Amino acid sequence: MMSNHSRATEFCLLGFPGSEELHHILFAAFFLFYSVTLMGNTVIIVIVCVDKRLQSPMYFFLGHLSAAEILFTSIIIPVMFRGLLPPGMQIIFLAGCVIQLFLYLAVGTTEFTLLGAMAVDHYVAVCKPLRYNIIMNSHTCIWVVIVSWVFGFLSEIWPVYATFQLTFCKSNVLDHFYCDRGQLLKLSCDDSLFTEFILFLMAIFIIIGSLLPTIVSYTYIISTILKIPTASGWRKAFSTCASHFTIVVLGYGSCLFLYVKPNQRQAAQYNKIVSLLISVVTPFLNPFIFNSPE
């Protein structure tokens with residue numbers, strides 16, 4: 001704990017409540033999830049790179065999405081592991097907290113942008129199949145991926161900078177397993193309402209903005225599928241989009257709950273559960289959801 005006149009230079013992450021035995025069980029479970037996530041997504045990347053049959057925009061984007069999933073979960077889980085070992089409270093310095101929050105948000109934003117690009121790719125594949133190779137050429141795909149990564153990292157510089165311009169003097173104890181922005185805002189003794197409002201607007205711009213191409217694309221895709229006269233055509237069109245749509249529902253649903261609200265200081269327990277879904281469960285499921293050629 002801190003006095004009201006000092007500024008935090010390090011934070012204590014409370015992690016998960018419970019006994020040491022429960023922490024051992026959680027450690028084993030998360031280690032399994034993390035190992036499968038690393039192996040599964042790495043396998044996707046390797047297969048996409050070496051299998052010439054998968055040299056298409058769809059799998060090119062999937063390879064980058066898998067790389068982002070590996071980075072995303074690796075930003076969170078190793079720190080979580082240390083918090084599950086005795087004494088159960090993880091110390092993270094201010095600089096480490098800044099880096100972790102920035103990478104978490106930047107890679108997450110990159111994933112959203114890639115998901116939007118994949119939705120457009122599916123739209124072109126289903127609705128404009130004769131022009132697919134012209135529209136989704138290699139030059140276009142490379143630029144889309146570059147823009148996704150650059151936008152993801154540049155767009156989160158100001159939000160993280162604004163967050164850590166606040167003075168954290170109420171306490172240095174974060175009731176979370178990583179440096180969550182909502183919990184950081186709870187520790188601020190500054191008037192952060194304006195900053196929170198701007199962060200809310202930026203979250204809307206990034207999350208809803210990247211979701212719009214998906215909504216528009218799937219509207220056209222569904223309209224096109226309904227016009228297909230054969231059952232085999234329906235199945236082929238649905239199989240093209242099912243995996244991507246599942247990831248969209250999981251990822252966007254969770255992040256809309258966490259970030260698209262004016263007040264991001266929701267209860268820590270709900271925050272932890274949703275954060276686990278985003279940073280552990282979704283990357284773990286990614287290889288299984290995309291386990292078969294579309």
For this session: For residues that are modelled with pLDDT under 80 and over 11 Å from VAL126 (Cα atoms), tally how many sit in the range 205-238.
Result: 7
Problem set entry | Any hit, the range 118-131, residues being small (Gly, Ala, Ser) and more than 12 Å from the chain's Cα centre (by Cα) | yes
Problem set entry | From ILE198, ILE206, residue being among the aliphatic types (A, V, I, L, M), assigned to a helix (DSSP H, G or I), open to solvent by 10 Å² or more (accessible area, probe 1.4 Å) and free of Cβ contacts under 8 Å to residues at least 60 places away in the same chain | ILE198
Problem set entry | Top-ranked residue of the range 185-195 - restricted to ones that are open to solvent by less than 50 Å² (accessible area, probe 1.4 Å) and either closer than 19 Å to ASP121 by Cα or over 22 Å from the mean Cα position of the chain (by Cα) (or both), ranked as modelled with the lowest pLDDT | SER192
For this session: Could you tell me whether any residue of the range 2-19 is assigned to a helix (DSSP H, G or I) and at pLDDT below 90?
Result: no
Exercise. How many residues does the range 77-113 contain that are out of contact with any Leu (no Cβ under 9 Å at 6 or more places or on another chain), within 18 Å of PRO159 (Cβ to Cβ) and buried (at least 20 other Cβ atoms within 10 Å of the Cβ)?
Worked result: 6
Seminar exercise, completed: Just one listed residue, out of ILE146, ILE135, ILE157, is open to solvent by 40 Å² or more (accessible area, probe 1.4 Å) and within 27 Å of GLU10 (Cβ to Cβ), and it is ILE157
Seminar exercise, completed: So, first residue farther than 14 Å from ARG82 by Cα and open to solvent by less than 30 Å² (accessible area, probe 1.4 Å) in the range 8-36, second residue acidic (Asp, Glu) and assigned to a helix (DSSP H, G or I), Cβ within less than 7 Å, six or more apart or across chains; the pairs are none
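The values are calculated or read from the model by the stated rules, or taken from the named source; none is laboratory data. Remember, predicted model here, so these are calculated numbers, not experimental data. Reconstructed Cβ throughout: ideal geometry from the backbone, glycine too, with neighbour counts over all protein chains shown. Areas reflect the complete protein model, heavy atoms only, side chains present, ligands, DNA and RNA absent. Shrake-Rupley method; radii C 1.70, N 1.55, O 1.52, S 1.80 Å.
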